[in-house]
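Undergrad: This structure is in structure tokens; I'll ask about it shortly.
The values are calculated or read from the model by the stated rules, or taken from the named source; none is laboratory data. The shown structure was predicted, so the numbers you read here are calculated from the model rather than taken from an experiment. As a convention, Cβ positions derive from the backbone with ideal geometry for all residues, glycine included, and neighbour counts pool all protein chains shown. We work out accessible area using only protein heavy atoms, side chains counted, and drop any ligands, DNA or RNA first. Shrake-Rupley method; radii C 1.70, N 1.55, O 1.52, S 1.80 Å.
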There are 2 protein chains.
Amino acid sequence: MMILSLPLALTLRFPSSLPILRRHSRYGISLRPPPLRATFSAAAPETHNSSKKQEKLITPRSQDFNAWYLDIIANAELADYGPVRGTMVIRPYGYAIWESIQDYLNRKFKDTGHSNMYFPQFIPYSFIEKEASHVEGFSPELALVTIGGGKELEEKLVVRPTSETIVNHMFTQWINSYRDLPLLINQWANVTRWEMRTKPFVRTLEFLWQEGHTAHATPEEAENEAIQMIDIYTKFAYEQAAIPVIAGRKSKVETFAGACKTYTIEAMMGDKKALQAGTSHNLGQNFSRAFGTQFLDENGQRQHVWQTSWAISTRFIGGIIMTHGDDAGLMLPPKVAPVQVVIVPIWKKDDEKTAVLKATSSVKETLQAAGIRVKLDDSDQRTPGWKFNFWEMKGVPLRIEIGPRDVSSGSVVISRRDVPGKQGKVFGVSMDPPILEAFVKDNLDAIQSSLLERAIAFRDSNIVDVSSYDDLKAAISQGKWARGPWSASNEDELKVKEETGATIRCFPFEQPQGTKRCLMTGDPAEEVAIFAKSY
Amino acid sequence: MMILSLPLALTLRFPSSLPILRRHSRYGISLRPPPLRATFSAAAPETHNSSKKQEKLITPRSQDFNAWYLDIIANAELADYGPVRGTMVIRPYGYAIWESIQDYLNRKFKDTGHSNMYFPQFIPYSFIEKEASHVEGFSPELALVTIGGGKELEEKLVVRPTSETIVNHMFTQWINSYRDLPLLINQWANVTRWEMRTKPFVRTLEFLWQEGHTAHATPEEAENEAIQMIDIYTKFAYEQAAIPVIAGRKSKVETFAGACKTYTIEAMMGDKKALQAGTSHNLGQNFSRAFGTQFLDENGQRQHVWQTSWAISTRFIGGIIMTHGDDAGLMLPPKVAPVQVVIVPIWKKDDEKTAVLKATSSVKETLQAAGIRVKLDDSDQRTPGWKFNFWEMKGVPLRIEIGPRDVSSGSVVISRRDVPGKQGKVFGVSMDPPILEAFVKDNLDAIQSSLLERAIAFRDSNIVDVSSYDDLKAAISQGKWARGPWSASNEDELKVKEETGATIRCFPFEQPQGTKRCLMTGDPAEEVAIFAKSY
């Protein structure tokens, strides 16, 4: 293991693809200037000490959370800026996280009877205007196609910001009788919202999401569906992403444009700001009335259908980064990690190399056969120390090191990403396949649980129960979440936003017992609300 | 089995979702009028004979191939028209075929070292202009976003028709040294081409596809990659879709706008027209020169990368329909069929129902456990005969019928979709799980092979070897494909197109031995080309 303490020399073989800081990118519609190689050369002088260099690449989280976030995205190669202002290229490592989100949700959607399909992204402008609050909510953010095939179009086309309108247009054609209900569909698609302040993953002009759309014969069924889907999202957040979201109902002010009720999962990021990580809407008959989506009930009466829609987007990846990451970089929950285990071979002399590489290959095969996502980094262009830092920065949950002595003893060294230093390191784990497999699986499970527990502890220590507006203001000014009884008006809610920057994130499903008095008015309040600043 | 011979009564329970003929739809940018229910009522009078009715729903293939195609798409619920001219809604049954295409190709792409990622769909207009032949090929078909967030944009944005330009813009930032190569990526995305003459699946304003993009250090590597990918497509077409495509190289005239060479797979549809079902382009350095995508080679010299791109789209679904379908409807190769086996219970008296449904459920579980995609149609709103026709029309490869007598004898009746009438029907297949499972699997394999063999025979009987232009004209006027030696000019090629409507589909990889003389000029020719009319 001697080599581990060597200075991590940056040589000529410093990887040319090492990403650079990009947060000062112009981010304009015109192309960014092509300074990459110049900048790169500046960022990677050939005779530098990589250890210091690598630390410098990521701004400490405590120093500047936003800079830290953007540094991680660039350095871990999760995403890059597109040429058009506010757009984002999702790079393979970031996209692989999205694929693991898709795999899980797709299964859950199908298990609950939903089918995937695909609606066109171009929506006639007139559709958007049909539902009054919908147009009010979305019209400032639309991208419009006005020219097609070289000609000015008669009617402008909206590039979908969401699909309720076109879905209802089609549902109206497909639904005739109660026997066609419930109609349960989902689509995986790109959507466009012309946002002014963008941030990779969290808010981009174009993003990827799934949007579920359902139609039901009764309001009860629609309500059950909306609740079922927010429950699926909640379970996903806890069990896969290790994010202890708080699920609840949005206030009227914060309800989706066109919905009767919006359910949400709200996550606390590392800077204690809230991220709305998924929503499920009970649309009532708002869209079915606007689009005439009717069915003949069992008594032969025509009725408007009751609907829901629900979505999770690539924003969730931003949530994972900002929940678990630390100064060393990304930290990925094993269940969503594209690479769960990285194997780093260590050798000094060439005669050690063969035996070490043989052992690493065999360990790789063992783990792969056990269904574990494993990467063997056997490139000889970087030092082991460089690789340790690199894969830590990429957030890989477990690292296996194998050197000549390990080969002799038939064992490996295993380090946990979530426990720094010696504490997270176990020496002498047997290479014997059943033992190694069990050890790795147990540790992946342990990391998964530990990330969730840590996030729960962080969340709970940063939510303050408040009973007055002064309490609320104090909590928010400390950057915390405030939870208190609320039955005041929309105007009061907007006043809180104006004066503190915080909004009602939700009325949580989990409510304390007992009578309550509104923190603002002192009137009786049935529920507590959570207030926080948010992304 | 008595009930099978009963007239298939259309009752009040005629399914309200039964699709209707739509090929006369206005297909305009404005909404189609909402005549659905009226039309539906007309199409499904309550006292009609469903057997005749259902036949009438699908135009015979021999009578009007195009009408037949559109009828299948509507009746099998594969797709519907979107509200904007030329757009298409892919319905769950059609989308499930796409998902099976995705599953297979995604695995093959990853096995060959490609990673998925995602590029923004909005491309600055100036990008498109950078590669001369690219802009010439695509500019007539562009959809342009000119307004965003309520404001006129400074630079128009192209809604991607394909992504070579934006990919190269990003590759230029990511590629620095030979160590960054090869760069092998793929994306699953929607693309937009403002086509004038549209047809569901075959040519729509917006479609779904995968587009692979790679960069290499040498022209040989790029060529190998382009060939590898057309080989993967060819294998997919033969082994999954049972479509005996002819793989080859496009003529210069037909090469992709911006490519050095285009490889293609060409499929013969049921009307003998050719469908270009997938392409793989060797882009050479065309885009890397236009975008300055360079790398430092091992000798420290700056060079432009060598590139490929390759794509298969939802058009392939059109190819499956038009290769295998018949007058009864869709016929799906088992490997891409969303439902491989449909089980139809048959009973007359209520006391038979319980036993029959118990048997069908148990058979369903047996097959599901064996990994077979199975659907149990136990609705009591339709007659068994109606269900037979319906699932035949949906192209399900195997049908299992279970009635009271079958329950008594512990056996089932199995019918093949591809062999009509009694010949395709086997009585008395044991319900015993291992026997039934083996029988079903063997039959699915047999259907898969049989569809391919039939398509090969059809293809081969409709390709004519020609040695003169007169031969060629005769073959094309008979609606056939003409295969003959070709070394004439681009002008001659365009003349053929003008005079016969046929184009060179490809110079097939499989070439006859021996010296050849160009069918047009009599000059020596190294290769034969295939001419055909195409979609």
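Undergrad: As an exercise, use a Förster radius of 41 Å and the Cβ-Cβ distance of A:Gln228 and B:Ala355 to find the FRET efficiency, rounded to the nearest 0.05.
TA: 0.75
Undergrad: Taking θ = phi - 60°, what integer Hz values does the Karplus form 6.51 cos²θ - 1.76 cosθ + 1.60 yield along the range A:302-312, in sequence order, with x for Gly and Pro?
TA: 7, 9, 7, 6, 9, 10, 9, 8, 7, 8, 10
Undergrad: Moving to a separate point now. Quantify how strongly other chains surround peptide B:85-94 by giving the mean number of their Cβ atoms within 10 Å of each of its Cβ atoms.
TA: 5
Undergrad: In degrees from 0 to 90, rounded to the nearest 10, what is the angle of the helix B:433-461 Cα long axis to the longest principal axis of chain B?
TA: For helix B:433-461, the angle is close to 50 degrees.
Undergrad: At a 1.4 Å probe radius, carbon and sulfur cover how many percent of the accessible area of the range B:156-313?
TA: The computed percentage sits at 46.
Undergrad: Would you please put B:160-172, B:514-526 in order of how densely packed they are, using the mean number of other Cβ atoms within 10 angstrom per residue and starting with the highest?
TA: B:160-172, B:514-526
Undergrad: Moving to a separate point now. Can you give the accessible area of A:Leu494, probe radius 1.4 Å, in Å² rounded to 10?
TA: Counting only protein heavy atoms, A:Leu494 exposes about 90 Å² to solvent.
Undergrad: Right, next: Give me the distance between the Cα centres of the range B:80-122 and the range A:407-449, rounded to whole Å.
TA: If we compute the Cα centre of each part, the gap is 40 Å.
Undergrad: How far is it, in nm, from the label point at B:Gln63 to the one at B:Glu437 when both lie 7 Å from their Cα along the line to the Cβ?
TA: Simple spin-label model gives 4.5 nm for this pair.
Undergrad: Oh, and also: Could you work out the mean count of beta carbons from other protein chains within 10 Å of each residue's beta carbon in A:160-166? Write out the running numbers ahead of the final one.
TA: Numbers: counts 0, 0, 0, 0, 0, 1, 5.
Average per residue, whole number: 1.
Undergrad: With the other protein chains left in place, how much accessible area per residue, in square angstrom, belongs to the range B:209-297 at a 1.4 angstrom probe?
TA: 27 Å²
Undergrad: Could you run the Karplus curve 6.51 cos²θ - 1.76 cosθ + 1.60 with θ = phi - 60° over the range A:489-502 and give me ³J(HN,Hα) per residue in whole Hz, x for Gly and Pro?
TA: In residue order, the calculated couplings are 7, 4, 5, 4, 4, 5, 5, 4, 4, 5, 7, 10, x, 9 Hz.
Undergrad: If we sort B:527-535, B:213-221, A:330-338 on the protection proxy, mean other Cβ atoms within 10 Å, highest first, what's the order? Don't jump to the answer; show the numbers that get you there.
TA: On the way: B:527-535: 22.2, B:213-221: 20.1, A:330-338: 24.6.
Taking the mean over residues of other Cβ atoms within 10 Å, the ranking is A:330-338, B:527-535, B:213-221.
Undergrad: If you take the accessible area of A alone plus B alone and subtract the pair, what total do you get in square angstrom, rounded to 100, with a 1.4 Å probe?
TA: 6200 Å²
Undergrad: Sort B:399-405, A:346-352 for me by packing, meaning the mean count of neighbouring Cβ atoms within 10 Å per residue, highest on top.
TA: Values: B:399-405: 21.4, A:346-352: 13.6.
Put in order of decreasing packing, that is B:399-405, A:346-352.
Undergrad: Ok, one more. Compute the semi-axes of the equivalent ellipsoid of chain A, taking the square root of 5 times each eigenvalue of the Cα gyration tensor, and list them largest first in whole Å.
TA: Calculated on Cα positions only, the semi-axes equal 45, 27, 25 Å.
Undergrad: Can I ask one more? What's the center-to-center distance, using Cα atoms, between the range A:222-288 and the range B:175-231 in Å?
TA: Measuring centre to centre over Cα atoms gives 37 Å.
Undergrad: Extension gain B:Glu526-B:Asp492, at 0.36 nm per residue separation less the Cα-Cα distance, in nm?
TA: On the way: separation 34, 0.36 × 34 = 12.24 nm, distance 1.67 nm.
Working it through step by step, the gained length comes to 10.6 nm.
Undergrad: To the nearest 20 debye, what charge dipole does chain B have about its Cα centre, counting +1 at the Cβ of each Lys and Arg and -1 at the Cβ of each Asp and Glu? Walk me through the numbers before you get to the answer.
TA: Working: 63 positive and 63 negative charges, 369 e Å.
Result for chain B is approximately 1780 debye, rounded to the nearest 20.
Undergrad: Check cross-link reach from A:Lys235 to the aspartates and glutamates: straight Cα distance under 17 Å, and skip same-chain residues fewer than eight apart.
TA: Filter leaves A:Asp103, A:Asp111, A:Glu225, A:Glu266, A:Asp445, A:Glu453, A:Glu510.
Undergrad: With every protein chain present, what accessible area does B:Lys441 have (1.4 Å probe, heavy atoms only), rounded to the nearest 10 Å²?
TA: Approximately 80 Å² of B:Lys441 is accessible to the 1.4 Å probe.
Undergrad: Same structure again: Rounded if a/c is under 1.5, else prolate if a/b is larger than b/c, else oblate: which is the range A:369-426, with a ≥ b ≥ c the root eigenvalues of its Cα gyration tensor? Walk me through the intermediate numbers first.
TA: Working: a/c = 1.19, a/b = 1.11, b/c = 1.07.
Here the range A:369-426 falls in the rounded category.
Undergrad: How many percent of DSSP beta bridges within chain A run antiparallel, rounded to 5?
TA: Restricted to chain A, the bridges split so that about 80 percent are antiparallel.
Undergrad: Continuing with the same structure: Taking only Cα atoms, what is the 0 to 90° angle, nearest 10, from helix B:384-393's long axis to the longest principal axis of chain B?
TA: 10 degrees
Undergrad: Any idea of B:Val419's accessible area? Nearest 10 Å², probe 1.4 Å.
TA: Accessible surface of B:Val419 is approximately 40 Å².
Undergrad: Report the calculated FRET efficiency for B:Val426 and B:Gln301 (r = Cβ-Cβ distance, R0 = 56 Å), to the nearest 0.05.
TA: 0.25
Undergrad: Kindly report the accessible area of the range A:331-463 per residue (heavy atoms of protein chains, probe 1.4 Å, no ligands, DNA or RNA), in Å².
TA: 43 Å²
Undergrad: Another question, then. Take peptide B:109-118, look around each residue's Cβ out to 10 angstrom, count Cβ atoms belonging to other protein chains, and average those counts. Spell out each step's value before the answer.
TA: Details: counts 0, 0, 0, 0, 0, 1, 6, 6, 11, 15.
Mean partner shielding for this stretch: 4.
Undergrad: Okay, moving on. Have a look at the DSSP beta bridges in the protein assembly as shown and tell me what percent are antiparallel, nearest 5.
TA: Of those bridges, close to 85 percent are antiparallel.
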